[in-house]
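The values are calculated or read from the model by the stated rules, or taken from the named source; none is laboratory data. Since the model is a prediction, treat every value here as computed from it, not as a measurement. Here the Cβ positions follow ideal geometry from the backbone for every residue, glycine too, while neighbour counts run over all protein chains shown. These area figures cover heavy atoms from the full protein model, side chains too; ligands, DNA and RNA do not enter into them. Shrake-Rupley method; radii C 1.70, N 1.55, O 1.52, S 1.80 Å.
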Amino acid sequence: AVVSTQSTGTIYISTMKFLFVVALIPLAGALNCEVDKALDGVQEYSYTLDVAPSDLDYWKTYGLSFQVYGNFTADNVNSATVEAGYYTEEGDLVYSVSIDCSAATWTSYITENTGKAVFQSGSVTCTEGTWDLWLKVSQPYRMNWIFNAAALQSGTETVGYRSRTRPIKVATKYGAHKARTFTVSTTSSLERFSFGKCMTWPGGLTCPDARAWTAARSTTSLGLFGAYDTIFGATCVDGTNYYQNVQAQVLPDETRTSGLDMRKFCCCVDMTTGLLYNNDRNYCIVRSSYNGEECSEMCEVTFEADKFAEGT
């Protein structure tokens, strides 16, 4: 089956290994993503970017994030595998990871001049229920995997004349700027995929729970291997489970003026679910003023006075 996305890529869903199960993860908590799709229990999935990551006229920076959600059951959690990779248009491996729940291990792979090679490996814990896997790309040779809020990578190095500490270079023959297709497969089930300069969290979470979930995958918990800086994430009506109707700590996306423009975006969301208003990215804009007056005006459509009044 082939499903066309908004205009930024084509999704290919394998129907050869389709599982007839109910999706456990409703779409929610997606702030300004290019793609956020329910996969409904398939076991194989691939996404091809229409715009190459090397096209900085479009993307502005190399930073991109791929997020996969799945489910382990009591029957498969002790034997499940998850495989994911980023590949060039010609099918050459950029960077991949293999998770083996039976052995409680993970192994990442790159392409060297002699072919596919192990990059790093370590231990992993698989538990029954929802799992999530992220590929965070920062630069062509700086990227890392995150599984259930654990970094599947280690090691840092000091770079540049300012002696900045960065995650160790992923010494693959083909950098992320040459990639074009992301693939993932599992012997369990895949429930959701999202992609872009964005962050997501599982559906059905209250705002405080969403904040805790994203914090566990941020630089606060994972340091340099976090999926995003701690300043980004859901903002709540204090003392309640509600989301602020104006989410003002949103990652800047490719519609910013340049890669140097790091102003946060704001988005209008439902105060109970955190869902983007009408699932319309036009309700996510750059915060052009200090107090975000333009955001408040745009998001009047999602403001609920009674819920806001419950706050402390």
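How high is the relative contact order of the chain, in percent, with contacts defined as C-alpha pairs under 8 Å that are six or more residues apart? Mind showing how you got there, number by number?
Numbers: 752 pairs, mean separation 63.8, N = 312.
Over the chain, the number comes to 20 percent.
Counting helices only, and only those DSSP H runs with n ≥ 4, report the 222 nm mean residue ellipticity of the chain as the sum of -39,500 (n - 2.57) divided by its residues, in deg cm²/dmol to the nearest 500.
Working: 5 runs with 28 residues, N = 312.
Mean residue ellipticity at 222 nm (helix-derived): -2000 deg cm²/dmol.
In Å², and per residue, what accessible area does the chain have when probed at 1.4 Å with the other protein chains present? If you can, show how the numbers build up before the last one.
Details: 13940 Å² over 312 residues.
Value returned for the chain: 45 Å² of accessible area per residue.
Among G204, S258, L275, whose Cα lies farthest out toward the positive end of the dipole of the range 187-304, if unit charges sit on the beta carbon of Lys, Arg (+1) and Asp, Glu (-1)?
S258
Along each of the three principal axes of the Cα atoms of the range 208-312, give the extent in whole Å, ordering the values from largest to smallest.
40, 31, 25
Please give the peptides 106-116, 34-44 ranked by average Cβ packing (other Cβ atoms within 10 Å per residue), highest first, as a rough proxy for protection. Write out the running numbers ahead of the final one.
Values: 106-116: 15.1, 34-44: 19.5.
Packing proxy ranking, top to bottom: 34-44, 106-116.
Would you mind calculating the relative contact order of the range 144-300 from Cα pairs under 8 angstrom and at least 6 residues apart, reporting the percent as a whole number?
Computed over the range 144-300, the figure is 16 percent.
Sorted from largest down, give the three principal axis spans of the alpha carbons of the range 127-182, whole angstrom values.
46, 25, 14
In the chain, carbon and sulfur make up what percent of the accessible area (probe 1.4 Å)?
On the way: 6980 of 13940 Å².
That share works out to 50 percent.
Find out how many positive minus negative residues lie around R192, taking Lys and Arg as positive, Asp and Glu as negative, among other residues whose Cβ is under 10 Å from that of R192. If you can, show how the numbers build up before the last one.
Numbers: positive: K37; negative: D36, D40, D132, E191.
Result for the neighbourhood of R192: -3.
Using every alpha carbon pair in the chain, what percent of pairs falls into each 10 Å bin from 0 up to the bin containing the largest distance?
6, 26, 36, 23, 8, 1, 0
Whole angstrom only: what separates the Cα centroid of the range 37-82 from the Cα centroid of the range 212-278?
Rounded to whole Å, the Cα centres lie 20 Å apart.
Placing +1 at every Lys and Arg Cβ and -1 at every Asp and Glu Cβ, with all other atoms neutral, what dipole size does the chain have around its Cα centre, in debye to the nearest 20?
Numbers: 23 positive and 33 negative charges, 229 e Å.
Dipole of the chain, to the nearest 20 debye: 1100 debye.
Under a Cβ-Cβ cut-off of 12 Å, what is the net charge of the residues other than F72 that fall near it, where Lys and Arg count +1 and Asp and Glu count -1? Please report the intermediate quantities before stating the final value.
Working: positive: none; negative: D75, E128, D132, E191.
Value of the local net charge: -4.
Within a Cβ distance under 11 Å of E157, other residues only, what is the Lys/Arg minus Asp/Glu net charge? List each step's numbers first, then the result.
Numbers: positive: R142, R164, R166, K169; negative: none.
Net local charge, E157 excluded: +4.
Can you pull out the GluC sites (Glu not before Pro) in the range 54-90 that DSSP calls coil and that have at most 11 other Cβ atoms within 10 Å?
Numbers: sites: E83, E89, E90; in loops: E89, E90.
Taking the range 54-90 and a limit of 11 other Cβ atoms within 10 Å, the loop GluC sites (Glu not before Pro) found are E90.
Using a Förster radius of 45 Å, what is the FRET efficiency between S289 and D40 based on their Cβ-Cβ separation? Nearest 0.05, please.
Working: r = 42 Å, r/R0 = 0.92.
Efficiency, from the Cβ-Cβ distance: 0.60.
Which percentage, to the nearest 5, of the DSSP beta bridges contained in the chain is antiparallel? Provide the component values of the computation, followed by the final result.
Numbers: 84 of 84 bridges.
Once the DSSP bridges in the chain are tallied, antiparallel ones form about 100 percent.
In the structure displayed, which of K60/K173; K60/K307; K116/K264 lie more than 31 Å apart, Cα to Cα? Could the numbers behind the result be given before it?
Numbers: K60/K173 23 Å; K60/K307 38 Å; K116/K264 39 Å.
Over 31 Å apart, Cα to Cα: K60/K307; K116/K264.
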